[in-house]
Amino acid sequence: QVQLVESGGGLVQAGDSLRLSCAASGRTFSSNAMGWFRQAPGKQRDFVAAINGGGQLTYYGNSMKGRFTISRDNAKSTVYLKMNSLKVEDTAVYYCAARGVGSPSLYEASYGYWGQGTQVTVSS
């Protein structure tokens, strides 16, 4: 069983940066691939980024490449999402997710554990 708690969301202006954190419980964190997804009002949940258990392999959604960076600290059982050059269209609830295996995935259905989400609002 894995429990995930996101933090770091808030209200920022366009062009600003923000770092989200996701703290995980459980003894096998380094065995879990982790992902970030986001959902804007009235829209489906979209893939943002994913990282493998060891932290060497990362994937990003097309609109996030070059602006967002996913990383993890297995000693702290925490995964991070650093977001730079934020845009109004990045406004959404951001969710952290964990897989039961170490390989990352772009697909929401591949993740069995989810956090409660943290709101990110970018104003113009």
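The values are calculated or read from the model by the stated rules, or taken from the named source; none is laboratory data. Bear in mind that the values here come from a model prediction, so they are computed numbers and not experimental data. Virtual Cβ from ideal backbone geometry, glycine too; neighbours counted across all protein chains shown. Ligands, DNA and RNA are stripped out before the accessible areas are found, and what is left, the full protein with its side chains, is counted by its heavy atoms. Shrake-Rupley method; radii C 1.70, N 1.55, O 1.52, S 1.80 Å.
So which of Ser85, Ser124, Ser103 ends up being within 21 Å of Gln1 (Cβ to Cβ), surrounded by fewer than 16 Cβ atoms within 10 Å (Cβ to Cβ) and among the polar types (S, T, N, Q)?
Testing whether each residue is within 21 Å of Gln1 (Cβ to Cβ), surrounded by fewer than 16 Cβ atoms within 10 Å (Cβ to Cβ) and among the polar types (S, T, N, Q) leaves just Ser103.
Filter the range 66-82 down to the residues that are surrounded by fewer than 16 Cβ atoms within 10 Å (Cβ to Cβ) and in contact with a helix residue (DSSP H, G or I) (Cβ under 8 Å, 6 or more places away or on another chain) and list them by number.
Asn74 - this is the single residue of the range 66-82 that is surrounded by fewer than 16 Cβ atoms within 10 Å (Cβ to Cβ) and in contact with a helix residue (DSSP H, G or I) (Cβ under 8 Å, 6 or more places away or on another chain).
Considering only residues of the range 9-31 that are modelled with pLDDT of 95 or more and either touching a helix residue (DSSP H, G or I) at 6+ places or on another chain (Cβ under 8 Å) or among the β-branched types (Val, Ile, Thr) (or both), which is farthest from Val93 (Cα to Cα)?
Across the range 9-31, the extreme among qualifying residues is Ala14.
How about the range 1-33: which of its residues are β-branched (Val, Ile, Thr) and touching a residue at least 40 places away in the same chain (Cβ under 8 Å)?
Val2, Val5, Val12
Any residue at all in the range 59-75 that is of a type in the set (Val, Ile, Thr), touching a residue at least 24 places away in the same chain (Cβ under 8 Å) and over 17 Å from Ser25 (Cα atoms)?
Checking the range 59-75: at least one residue is of a type in the set (Val, Ile, Thr), touching a residue at least 24 places away in the same chain (Cβ under 8 Å) and over 17 Å from Ser25 (Cα atoms).
Looking only at the range 26-53, which residues are touching a strand residue (DSSP E or B) at 6+ places or on another chain (Cβ under 9 Å), under 18 Å from Gly100 (Cα atoms) and not aliphatic (A, V, I, L, M)?
Matches in the range 26-53: Gly26, Phe29, Ser30, Asn32, Gly35, Trp36, Phe37, Phe47, Asn52, Gly53.
Determine which single condition Tyr60 fails, assuming it passes every other condition in (1) at pLDDT 95 or above; (2) hydroxyl-bearing (Ser, Thr, Tyr); (3) open to solvent by 60 Å² or more (accessible area, probe 1.4 Å); (4) within 15 Å of Met83 (Cβ to Cβ).
Tyr60 satisfies every listed condition except (3).
On the given criteria, is Gly8 under 14 Å from the mean Cα position of the chain (by Cα) and at positive phi?
yes
Which of (1) open to solvent by less than 50 Å² (accessible area, probe 1.4 Å); (2) in a strand (DSSP E or B); (3) among the hydrophobic types (A, V, I, L, M, F, W, C) is the odd one out, the single condition Val5 does not satisfy?
Condition (1) is where Val5 drops out.
Can you tell me which residue in the range 106-121 is least open to solvent (accessible area, probe 1.4 Å), limited to those that are farther than 16 Å from Leu4 by Cα and touching a Leu at 6+ places or on another chain (Cβ under 7 Å)?
Looking at the filtered set, the residue picked out is Val120.
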